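Each remark here refers to the structure printed beneath this line.
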Amino acid sequence: MIAESAIREALVAVIDPEIRRSVVELDMVRAVDVAGEHVQVTIALTVAGCPMKADLERQVRDHVGAVGGVASVGVTFDVMSADERSALRTRLHGGGADSEGGKKPISIAASTRVIAVASGKGGVGKSTLSANLAAALAALGNEVGVVDADIHGYSIPRMLGVSRKPVVVDRMIVPPVNHAVKIMSIGFFVEADGAVVWRGPMLHRALEQFLTDVHWGELDYLVVDMPPGTGDVSISLGQLLPSPELLLVTTPQPAAQKVAMRAADVAGKTGMRVAGVVENMSFMLCPCCGERTHPFGEGGGEALAAELGVPLLAQVPLNETLRVASDAGVPLVVTDPDDAASRAVFDLAAALPDALAPLPGASRISKRLTVI
């Protein structure tokens, strides 16, 4: 005789792919019926047409099917009522009550490290680095989210291979997940490849919503792909983000280095601390002999780091495979972790904990990263 309690215990291991918690904890298990060697499980989805339904069904079949005595598993789906969705939102998001002063509280855990990836100019590979850094941190066992704050040049959804829109549960936005990274971008809310023709106040409100209405959960890192330059969005993010740390991305040539200094200047004026510099497109490796060439010159990253008094955390080679993987929606650190560019990004991820300042009232991150 199969005990219902054994089935429910097995269902604890079934994890909602986007909320990242057990379906038991989320009260999504509507019913468990045992008839001989057959088990029928009913799961209540947050919304009709949930994009991750197939993943949930696979998990239920795998975990319940592994219980001793179970010969077959059936999975049916229901949809949460409005009251159930409201209760779920309250459980996950504290009900969204306004904090003092009438403003919604930031939905990011106090222990989350916010890494803002910025550059003074476009074209230095900042978004590609952001996507690969987020995926590398996740591959190393961290809970990671990424905000595509490059409002006018959003590209993170494409680079991380996500086209489905976020799920909205009673005004709480559940971000889509791919490569174990939670993703939020303005690109989810505009027509395909459409331009965002917004001015300052609308941009500020959109970014504020990304930080208040999105269910991020207990993240270790939130990587923010900043827009190039020093405009409204950069200033807003400096005001909105809790204890942000800035990674400045530059290329070796002096022109990029000088412009990156402006981004550092804005960071200081908006409360961001510069944690370090990343030199992208540092060199090319000859596929035949491994000889290095420097199409964009040498020394820009080192000079910028020295001028700012911060470490040069990584030098990422100019690599066609990095671009190809990004265009395909799968970061190179996932498809080929042994590639030279991937190794440089993993080295960056490993160097981050020591480069970050301790959070106010907290000790330095205790989780040590081991490069794989």
Accessible area (Å², per residue) of segment 1-50, counting only protein heavy atoms and a probe of 1.4 Å: 45 Å²
Principal-axis tilt of helix 82-93 within the chain, Cα atoms, nearest 10 degrees: 40 degrees
Solvent-accessible area of Val167 with every protein chain in place, 1.4 Å probe, in Å² to the nearest 10: 10 Å²
Per residue, the convex hull volume that the Cα atoms of the chain enclose (Å³): 160 Å³
Most to least accessible of Thr321, Thr212 (protein chains only, probe 1.4 Å): Thr321, Thr212
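Among DSSP beta bridges lying fully in the chain, give the percent that are antiparallel, nearest 5.
Working: 14 of 53 bridges.
For the chain, the DSSP antiparallel bridge percentage is about 25.
For segment 222-340, report the accessible area per residue in Å² (1.4 Å probe, heavy atoms, rounded to an integer). Spell out each step's value before the answer.
Values: 5130 Å² over 119 residues.
On a per-residue basis, segment 222-340 sits at 43 Å².
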Approximate spin-label separation Val79-Ser5, in nm, with each point projected 7 Å along Cα-to-Cβ: 3.6 nm
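For segment 20-84, which whole percent of the accessible surface, found with a 1.4 angstrom probe, sits on carbon and sulfur atoms?
On the way: 1500 of 3080 Å².
After summing per-atom areas, the C and S share lands at 49 percent.
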Probe 1.4 Å, protein heavy atoms only - accessible area per residue of segment 137-194 in square angstrom: 35 Å²
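Can you tell me, using C-alpha contacts under 8 Å and at least 6 residues apart, the relative contact order of the chain as a whole percent? Please report the intermediate quantities before stating the final value.
Values: 735 pairs, mean separation 59.6, N = 372.
After rounding, I find 16 percent.
When the helix-only estimate is applied to the chain (DSSP H runs of n ≥ 4, each -39,500 (n - 2.57), divided by the residue count), what is the mean residue ellipticity at 222 nm, nearest 500 deg cm²/dmol?
Working: 12 runs with 127 residues, N = 372.
It lands at -10000 deg cm²/dmol.
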Protein-only accessible surface order, largest first, of Tyr154, Tyr221 at 1.4 Å: Tyr154, Tyr221
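Suppose accessible area is computed on protein heavy atoms with a 1.4 Å probe; arrange Asp327, Asp339 from highest to lowest.
Values: Asp327 80, Asp339 25 Å².
So, going from the largest accessible area down, we get Asp327, Asp339.
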Exposure of Glu37 as accessible area (Å², to 10), given a probe of 1.4 Å and all protein chains: 120 Å²
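Pop out the Kirkwood hydrodynamic radius of segment 237-370 from its pairwise C-alpha distances, inverse of mean 1/r, in Å to one decimal.
Numbers: mean 1/r = 0.0620 Å⁻¹.
Answer for segment 237-370: a Kirkwood hydrodynamic radius of 16.1 Å.
Given the convex hull over the Cα atoms of segment 1-79, what projected area results after averaging over all orientations, in nm²? Kindly include the intermediate steps, with their values, before the conclusion.
On the way: hull surface 17.7 nm².
Orientation-averaged projected area of the Cα hull: 4.4 nm².
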Mean separation of Cα contacts under 8 Å, 6 or more apart, over the residue count of segment 10-153: relative contact order %: 16 percent
Spatial separation of Cα centroids for segment 51-91 and segment 133-156, in angstrom: 28 Å
Heavy atoms of Phe77 accessible to a 1.4 Å probe, total area in Å² rounded to 10: 60 Å²
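The values are calculated or read from the model by the stated rules, or taken from the named source; none is laboratory data. What you are looking at is a predicted structure, and each value in this text was computed from that prediction instead of being measured. Cβ sites come from the backbone with ideal geometry, for glycine too, and all protein chains shown count toward neighbours. To get the accessible areas, we keep the full protein, side chains included, count just its heavy atoms, and leave off ligands, DNA and RNA. Shrake-Rupley method; radii C 1.70, N 1.55, O 1.52, S 1.80 Å.
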